[in-house]
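The values are calculated or read from the model by the stated rules, or taken from the named source; none is laboratory data. Predicted model only: the values in this text are computed from it and were never measured. Ideal geometry is used to build each Cβ from the backbone, glycine not excepted, and the neighbour counts take in all protein chains shown.
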Amino acid sequence: MSDEPNNPPAPANLEIDLALSFQPAWVKETSSPEKLARMADRFEERPDRSDRSRNPRDNRGGPRPQRAPGRNDGKGRPPRRDDRRGPRHDDRNAPPQPRPEPPLGGWTVNFLPEPRGVEGLARQIKASAITYPLFDLAQLVLEKPERFLVRLDRTGGPALFQLVADGSVWLSEREAISHATTRGLEKFYRRERVTGEPPKGSYLCVAVCGLSDTLLGPPNYHDYQDKVRKLHAAKFSRMPFEAYKSRIRMVRDEASIEKWKQEHSTKDEYYPVETPEGTDPVKLVTPAELERHFQEHHAATAIIALGDRVVLPGTAIVQSSAHAAQRLVRYAWEDLKRFPLSLAHTLGQGLGSKGLQIFKAHENITFVSVARPHHLDRVATPVSEGLGTILEYLENHPRISRADCRKALSPVRPEGAEATPDTAVVRDLSWLLHEGYVVDYARRGLEVIGRAKNPAETNKKRQHHPGRETRASSPPKPSNESRRVEAEESAPDS
């Protein structure tokens with residue numbers, strides 16, 4: 001199978017706004033529409049306190065609220081913090097719970113950045129000339145399944161089957177067919193809803209899904225098992241089937257039984273989209289008939305057996321695949337979020353192929369930038385007055401933002417004039433950033449690259465350090481072995 005995944009995500013889901021992602025957390029939360037809406041709701045619900053004094057001591061005339069007695073003293077004082085949390089020593093002494101083994105053995109998981117997402121990152125870094133930590137970019141890729149691909153390598157595990165329509169992965173062809181007949185039938189079948197007579201007979205109870213409150217019908221009705229299996233595959237496929245069945249409850253009130261009869265009077269009938277000429281379309285009513293028809297006419301082309309290596313979209317295997325495959329990938333996903341070394345290495349190679357530079361700085365952190373940083377010797381290489389002014393200002397004001405730098409170096413505008421930055425300052429600063437003489441680190445600011453330290457000069461300074469010379473000139477202390485030999489030689493003969 002090709003390394004190109006089926007059903008790639010939409011380009012809109014791959015975009016990562018680096019300008020927003022590297023802002024402080026409080027800025028992102030406050031600027032979100034949901035956050036602003038919640039703040040507005042709380043402001044409207046806040047009571048009017050204009051008639052109260054700002055000093056709480058002036059409002060002592062009203063009755064004091066009575067607090068509920070605590071669990072320990074009964075004097076109205078709240079319990080201690082440790083008492084509310086419960087005994088902590090039990091949690092500290094309890095042995096760590098081992099994580100269960102993934103149910104799908106014999107397959108290894110590797111994560112790859114989505115190629116179109118890498119292009120979007122490279123395009124933003126080139127346009128903004130901002131330098132980002134490589135591992136932070138890898139963490140952004142792991143935030144959403146749409147931004148990465150999953151590569152599965154077989155090392156002796158069971159065979160896997162893929163539904164081409166949505167890219168989901170299943171342990172058997174039957175599971176893939178069951179999933180195909182519950183989701184995405186529009187490509188193969190046309191659905192018609194017809195109304196008939198409600199079920200006849202006397203029913204004592206109906207089954208209700210404990211997770212979605214869906215009426216499943218009486219347990220002794222002929223299509224009860226098919227409806228349970230269909231609802232599980234459509235909405236709760238991540239949960240084991242036996243665990244889902246344990247959440248079903250029985251209801252015996254007449255209103256629920258009557259409601260189920262009215263709902264069951266409406267049925268869905270399916271007809272194949274492609275029907276040979278001169279033949280009437282086949283009507284399919286029950287899920288069993290639908291699965292049988294799909295297996296006979298569509299399974300050969302709609303379901304494929306995967307090889308020993310396959311690359312899948314992250315959304316397909318994380319959200320729509322078999323429960324065992326989802327658990328396998330989610331375990332590896334959570335482990336990689338802690339330290340995304342392998343993904344950062346692959347992402348660095350992809351960004352490097354787009355013309356970006358990878359280097360280390362600031363306590364050996366790996367960065368991605370438009371240019372590799374290097375020092376500009378203004379004595380050996382004279383520069384223009386504008387460039388020299390920018391470099392001198394940044395040397396005296398380290399870690400300043402780009403906007404503050406442009407504002408400080410722009411000429412003073414007369415009163416009433418529009419405060420726009422000087423185009424010469426913008427042009428010169430952009431040239432310094434793209435040449436690598438100045439680096440704009442995300443969350444740090446602008447920084448002028450200084451002269452690299454010469455290792456020979458560093459070693460020479462260490463050798464001529466006054467403290468080091470004094471210690472080196474003092475005679476070395478004798479070892480225990482030399483002391484023992486001297487003692488034996490000076491001892492008198494017996």
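Observations on the model:
- Against the list (1) of a type in the set (A, V, I, L, M); (2) closer than 30 Å to residue 300 by Cβ; (3) touching a residue at least 24 places away in the same chain (Cβ under 8 Å), the condition residue 231 fails is (3).
- Among the residues of the stretch 125-148, the one identified as touching a helix residue (DSSP H, G or I) at 6+ places or on another chain (Cβ under 6 Å) and of a type in the set (Lys, Arg) is 147.
- Filter result for the condition that a residue is in contact with an Asp or Glu (Cβ under 7 Å, 6 or more places away or on another chain) and either closer than 20 Å to residue 451 by Cα or hydroxyl-bearing (Ser, Thr, Tyr) (or both), over 361, 371: 371
- Yes/no for residue 452 being modelled with pLDDT under 60 and within 41 Å of the chain's Cα centre (by Cα): no
- Note on the stretch 367-382: residues that are within 24 Å of residue 124 (Cα to Cα) and buried (at least 16 other Cβ atoms within 10 Å of the Cβ) amount to 6.
- Take the conditions (1) at positive phi; (2) exposed (fewer than 15 other Cβ atoms within 10 Å of the Cβ); residue 184 misses just one of them, which is (2).
- Residue ranges of strands (runs of 3 or more DSSP E) in the stretch 103-185 with at least 3 members assigned by TED's automatic domain parsing to the domain that holds residue 339, out of contact with any His (no Cβ under 8 Å at 6 or more places or on another chain) and not polar (S, T, N, Q): 107-113, 148-154
- Annotation: of all residues in the stretch 385-414 being over 41 Å from the mean Cα position of the chain (by Cα) and surrounded by fewer than 11 Cβ atoms within 10 Å (Cβ to Cβ), the one that is nearest to residue 433 (Cα to Cα) is 385.
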